[in-house]
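All remarks here apply to the structure that follows.
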Amino acid sequence: QVQLVESGGGLVQAGGSLRLSCAVSGSIFSLYTMGWYRQAPGKERELVARITRDSNTYYVDSAKGRFTISRDNAKNTVDLQMNSLKPEDTAVYFCNAQGGVLFGVYWGQGTQVTVSS
C-alpha cells in the first residue's frame with residue numbers, strides 16, 4: 001500500500017517561509033511524478049508545483065519565484081519550500097504521486113498552511 005505523509009504546515013506571518021515535506025512509502029518513489037496541490041475553503045483543489053521523475057519542474061504562476069519543489073529519490077521525499085508567503089496562500093496542501101495507469105495515483109492526507117496578514 002502506497003502511503004504519503006505530509007509534514008511542515010503551520011501558521012506564519014505574511015512574508016515568512018515554510019517548508020513542506022512529503023514522505024512516500026510502499027512503492028518505488030522514483031517512478032512517480034510528484035506534486036503539491038492546495039485547496040482553500042470554498043475553492044477547488046489546484047496544482048501548485050510538480051516535479052517529474054527526471055526532476056523537471058512546473059509551477060503555477062502564483063508560485064513562480066516564491067516556491068521551490070525538490071525531490072530526494074534516496075530518501076523517498078518531496079519538499080516544497082515556500083518563501084514570501086501571502087495570505088492568499090492559506091490552504092490545505094496535499095502531496096500527490098502520479099504513476100499513471102500502471103502505478104496508480106495517490107494522495108496524502110493534507111497539511112494546513114495559514115498565512116496571517
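The values are calculated or read from the model by the stated rules, or taken from the named source; none is laboratory data. Keep in mind it's a predicted model, so treat the numbers as computed, not measured. Cβ atoms come from the backbone with ideal geometry, glycine included; neighbour counts cover every protein chain shown. The accessibility values were calculated without ligands, DNA or RNA, using every heavy atom of the protein model including side chains. Shrake-Rupley method; radii C 1.70, N 1.55, O 1.52, S 1.80 Å.
Brief remarks on what is shown
- Among the residues of region 13-37, those identified as assigned to a strand (DSSP E or B), closer than 17 Å to residue 89 by Cα and open to solvent by 20 Å² or more (accessible area, probe 1.4 Å) are 13, 18, 19, 21, 37.
- Note on region 76-97: residues that are open to solvent by 50 Å² or more (accessible area, probe 1.4 Å) and closer than 17 Å to residue 39 by Cβ amount to 3.
- Within region 28-51, residues that are within 25 Å of residue 1 (Cβ to Cβ) and of a type in the set (A, V, I, L, M) sit with their Cβ atoms under 8 Å from residues that are open to solvent by less than 20 Å² (accessible area, probe 1.4 Å) and modelled with pLDDT under 95, at 6+ positions apart or across chains, in these pairs: 31/99.
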